[in-house]
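Participant: After the structure tokens below, expect a handful of questions from me.
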Amino acid sequence: MKLRLIAIACSAILVSGLTAGPVLAAGPAAAPAPTDDAALRDKAKSAGLQALPYGAGKVTNNPMTHEKIDLGAMLFFEPRLSASGLISCATCHNLSIGGDDNQSTSVGHGWQKGPRNAPTVLNAVYNTAQFWDGRAADLKAQAKGPIQAGPEMNNKPEAVVATLKSMPEYVERFRRAFPGETDPVTFDNMAKAIEAFEATLVTPSAPFDTWLEGDDAAMTSEQKEGLALFIGKGCTACHTGVNVGGQAYFPFGLIKKPGADILPLGDKGRFAVTKTATDEYVFRAGPLRNIALTAPYFHSGQVWDLEEAVGIMSNAQLGKELSGHDAKQIAIFLTALTGQQPQVMVPILPVETKDTPKPKP
Ligand code: HEC
Ligand code: HEC
């Protein structure tokens, strides 16, 4: 034990000596604490952190079948669900770049900018409710929103159904995905198929998961140090469960309100859903899985650097200024939440017929 401590203290001096001389004065306190993996794992579990299960997440009132999931994949990539014929779910939830769009706030119909940053669809099935303010109870309720939203896909349910019914392959696929229904091509069933597909968009086997399941070597010592800080500083009070967030609502600026650039005054969050004064500026704790892939951060999408986002959180939610070192270690831990990205084949969509409504710019 003694030997190990000395070794660590020496390596700390070496490291700080190489990088920034004056840091040496901080002495061994700045050195990474030796990690007792088993003890840290217990702490993580008691803080409510859980490994992401393999396989699709569970959805309610929507039996999952291959036919439905395949149809949902087509609809997710289907630009003709939008009035312009240009915008699909994948436009803003691009599965090649972490399930979001890398924009501060999304750009939709007619190049309009929406008010909020697009969250990732990856692992969204594990959120307690959908959207930054939780206004959609589940993925099938959520899917109907963007298609009708003016600044997003700007379409009408009747037009969507007419588009889908104009292509015989869709009619046949809806029939197989919703067997026994007399009129299976409906807006509701479209949403159910999309939900079934989205439930498969999960990213298991992140280094953190493999480590939590018992493989000490799956995370680096920096990631472990970052995890210890993430728990020790109190981040897990709000970011916990399978999705390391996404499970509950909290005021953004619980202790100290961030500036209006990061927390725009016009967006009162959950207040718009519940009309309860205490819900002003309340948002769902951001799910932190794959967070290293989904900059920019916060519902305003104004922060591009993960370390900076971590620092803002600590000030706003915990009232603690993090040292640069601690913010960096936590950000390094957060990279251990990047899991195996779903390998999705780009679906080939049916060709339109003379009955398919024409795109409206
Ligand atoms: C123009 C860009 C755009 C398009 C197109 C779009 N979305 Fe989104 N999506 C967003 C934005 C922005 C949000 C966050 C809105 C909010 O919280 O108020 C969001 C939120 C979501 C969420 C919630 C995730 C979470 O963590 O709460 C899901 C799921 C989702 N979209 C799926 C879809 C599906 C399915 C489609 C296609 C039917 C779609 N989106 C089309 C931009 C878009
Ligand atoms: C009191 C609850 C609370 C605590 C404590 C807390 N957070 Fe948050 N976190 C939130 C909420 C709420 C949001 C969503 C903010 C918004 O609306 O943009 C969030 C968002 C985030 C985001 C951005 C997510 C995204 O997709 O853009 C990161 C990163 C983050 N938190 C990390 C941390 C870290 C690291 C800590 C500890 C230093 C921490 N949080 C402590 C509630 C909390």
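The values are calculated or read from the model by the stated rules, or taken from the named source; none is laboratory data. Everything numeric here is computed off the predicted structure, so don't read it as measured data. In this analysis, Cβ positions are derived from the backbone assuming ideal geometry, glycine residues included, and neighbour counts consider all displayed protein chains.
Participant: Of all residues being of a type in the set (Gly, Ala, Ser) and within 16 Å of ligand 2 (Cβ to nearest atom) in the stretch 94-112, which is nearest to PRO359 (Cα to Cα)? Just the residue, please. First the steps, then the outcome.
Facilitator: Of the stretch 94-112, the ones of a type in the set (Gly, Ala, Ser) are 96, 98-99, 104, 106, 108, 110.
Cutting the leftovers down to within 16 Å of ligand 2 (Cβ to nearest atom) gives us 98-99, 104, 106.
Details: GLY98: 28, GLY99: 26, SER104: 27, SER106: 21 Å.
Across the stretch 94-112, the extreme among qualifying residues is SER106.
Residue-wise test of (1) of a type outside the set (Val, Ile, Thr); (2) near ligand 2 (Cβ under 9 Å from one of its atoms); (3) at negative phi.
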site	(1), (2), (3)
TRP304	yes, no, yes
MET313	yes, yes, yes
ALA316	yes, yes, yes
GLY319	yes, no, no
HIS325	yes, no, yes
LYS328	yes, no, yes
ALA331	yes, yes, yes
GLY339	yes, no, yes
LEU349	yes, no, yes
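Participant: Can you name the residue in the stretch 139-155 that is charged (D, E, K, R) and modelled with pLDDT of 95 or more and is also farthest from ligand 1 (Cβ to nearest atom) among such residues?
Facilitator: So the residue we want is LYS140.
Participant: Is there any pair with a first residue in the stretch 145-158 that is assigned by TED's automatic domain parsing to the domain that holds ALA83 and in a loop (DSSP other than H, G, I, E, B) and a second that is of a type in the set (Phe, Trp, Tyr) and surrounded by fewer than 16 Cβ atoms within 10 Å (Cβ to Cβ) whose Cβ atoms are under 7 Å apart and which are 6 or more apart or on different chains, and what are they?
Facilitator: Going by the 7 Å Cβ cut-off, there are no qualifying pairs.
Participant: Among the residues of the stretch 160-169, is there at least one that is under 26 Å from GLY57 (Cα atoms), in a helix (DSSP H, G or I) and touching a Ser or Thr at 6+ places or on another chain (Cβ under 7 Å)? Write out each step before concluding.
Facilitator: As a first pass, look at the stretch 160-169 and keep what is under 26 Å from GLY57 (Cα atoms): none.
Scanning the stretch 160-169, I find no residue that is under 26 Å from GLY57 (Cα atoms), in a helix (DSSP H, G or I) and touching a Ser or Thr at 6+ places or on another chain (Cβ under 7 Å), so the answer is no.
Participant: Then there's this: Suppose we keep only residues that are in a loop (DSSP other than H, G, I, E, B), small (Gly, Ala, Ser) and out of contact with any Cys (no Cβ under 7 Å at 6 or more places or on another chain) within the stretch 267-304. Which one would you say is surrounded by the fewest Cβ atoms within 10 Å (Cβ to Cβ)? Talk me through it step by step, then tell me what you get.
Facilitator: Of all residues in the stretch 267-304, those in a loop (DSSP other than H, G, I, E, B) come to 267-268, 270, 275-276, 280-281, 285-290, 294-296, 298-302, 304.
From what's left, small (Gly, Ala, Ser): 285-286, 295, 300-301.
Cutting the leftovers down to out of contact with any Cys (no Cβ under 7 Å at 6 or more places or on another chain) gives us 286, 295, 300-301.
Details: GLY286: 23, ALA295: 17, SER300: 21, GLY301: 22.
Within the stretch 267-304, the match that is surrounded by the fewest Cβ atoms within 10 Å (Cβ to Cβ) is ALA295.
Participant: Okay, next question. Which one of ASN123, ASN102, ASN127 is surrounded by fewer than 17 Cβ atoms within 10 Å (Cβ to Cβ) and either under 28 Å from LEU265 (Cβ atoms) or modelled with pLDDT of 95 or more (or both)?
Facilitator: Details: ASN123 fails: surrounded by fewer than 17 Cβ atoms within 10 Å (Cβ to Cβ); ASN127 fails: surrounded by fewer than 17 Cβ atoms within 10 Å (Cβ to Cβ).
When all the criteria are applied, what remains is ASN102.
Participant: Continuing with the same structure: Which of the residues spanning the stretch 263-276 are closer than 16 Å to SER300 by Cα and away from ligand 1 (no atom under 16 Å from the Cβ)?
Facilitator: Selection gives LEU265 alone.
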